[in-house]
Amino acid sequence: MSDVRISKDAGSSSPSGFFKLLPFANALLVVTALYSAGWCLFSFVDHKPQLYLKVVPAAVALVAVLALLLRPAAKILATSVFVGAAIGIYATELVALGLLDQGRSAGEAVRSAAKEDGVPYDARRKIEVIEDLRRKNLPAYPPFYPHLTFAAPLQIDGGPVIPLGSIAHVITVCCNEGGQYLEYTTDERGFANPSGLWSQAPIDVALVGASIAVGECVPAGDSIAGTLRARYPKTISLGGGGNGPFLELASVVEYLPLLKPRRVLWVFSESHTPDYLDRERHVPLLERYLDGSFSQNLANRQESIDRAVGAYLESAVQLELHPKQISLRQHAVDWASLRQVRTLVSGREVRAAAVDRARLQTSLYEQILRRGKQIVDGWGGQITILYVPDTSRYPGAFGYTPALRLVYDQTRAAVAATAAGLGIPVIDISRRFPDSPVSQASQYTQFFYNYPAHFKPAGYRLMDKAILEELQ
């Protein structure tokens, strides 16, 4: 008995090769816990809308910490599970890196749509279009999107500034959703307008909004502003891709007092505005626009804005022209954060995420509208909300789900009630398109693309007709 007992004691006191792995297991569990906790924290700090980017890392971090409390054998087993899962996930990342090409699939979709609509297809990348224009000694740049500077506002005249317009008097190569790129020359303030309108106050109509207010991505003549100018020559757009209610209020504060428009069309994009508002409310500089005394004085700083935005956009152009300049650090971040895997997952959760993004924070939206109305009332102008639907609102159109439609209907009702409470009229474009439970995709092919995109030219023209009818 004693021999047996001695043998057991000896066996337990002398570590086998298996238990030599214990320090490595402890280290891996600690690294897993810290890495997952860091990812979870970043998702909250960066206001990531996807719930899984917060819940999954938090759960992994918790499990890793609890595993540290297990007996050695169980701890090593848990570590092997984590290692196996990591190998599987990063193997998927490697495969996805080689196979996933969103640009190619998007290009094929545009090519197919252009062929169906009889539009010549421009297969060049945006940077190639810019290069070709520059070879002709023409100043060409990509669009400037103010929201991309939220995390790091541009330094202008010694302080942080979020400009609203691009460089003045340059060619902007915008987007290609139907076969041809939208190109336009910016005006004196860097917006998508003919030159000369800024000296014609009071103007007839001013547009504030996101990409729809710019006219992405159709010929200029089919845009809202382009069509309105045939009836109201002094029509100007202060739109910017990705603009939400705070940036739109900023446009009203910074520029409209110079123009004193009789009518202000304030675009509400059904699918994007709630999401953009949620993003903008975390930007302290933009929140200050609710204060009646705040302004960035953008109208008087165009030369400084031109230099700062010019440097910002040129940096982006050079990075596109010389992709090898992308730092190893960025590659490492992309790899560690499973960028390709997240892209695959997000492609399957688009509809579910769209439901969350479409929920409007009504009270904050009302504050912004109220402040904008106070300003426009100051010169006797009138604000009208232009409610623009998303294609996924309609049964049979791309992206439709009953859950999303329900949220859209709630959003439309909330906007209508908010506007009524403030005495602001609404032009509701959503009622202009075919809409019934038995609607078929064929009803929408003339208005919408069968992939995420803006309206087709015919969709814009239908909207333009509705606006003219309401204004007249």
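Would the range 163-318 count as rounded, prolate or oblate if I go by the C-alpha gyration tensor, calling it rounded below 1.5 in a/c and otherwise prolate when a/b exceeds b/c, oblate otherwise? It comes out rounded by the Cα gyration axes. Picking from Leu256, Ile305, Thr273, whose Cα lies most toward the positive end of the charge dipole for the range 205-324 (charges on Cβ: Lys, Arg +1; Asp, Glu -1)? Most positive-ward Cα: Leu256. Sorting 167-174, 248-255, 418-425 by average packing, meaning the other beta carbons within 10 Å per residue, from highest down gives 248-255, 167-174, 418-425. This model, with +1 at the C-beta of Lys and Arg and -1 at the C-beta of Asp and Glu, gives the range 114-183 a dipole about its Cα centre of some 220 debye. Each part gets one Cα centre, and for the range 159-220 versus the range 408-472 those centres are 22 Å apart. For the pair Ala152 and Ala109, label points projected 7 Å from Cα toward Cβ lie 3.0 nm apart. For the peptides 145-158, 265-278, residues were scored by their other Cβ atoms within 10 Å and the scores averaged per peptide; the highest-first order is 265-278, 145-158. Is the C-alpha gyration tensor of the range 210-278 telling us rounded, prolate or oblate? Criteria: a/c under 1.5 is rounded; beyond that, a/b larger than b/c is prolate, otherwise oblate. Oblate, since a/c reaches 1.5 and b/c is not below a/b.
Read the figures in this text as sums done on the coordinates, not as results from a lab. Since the structure is predicted, the reported quantities are computational estimates derived from the model, not experimental observations. So basically every Cβ, Gly included, is an ideal-geometry build from the backbone, and we count neighbours across all protein chains shown.
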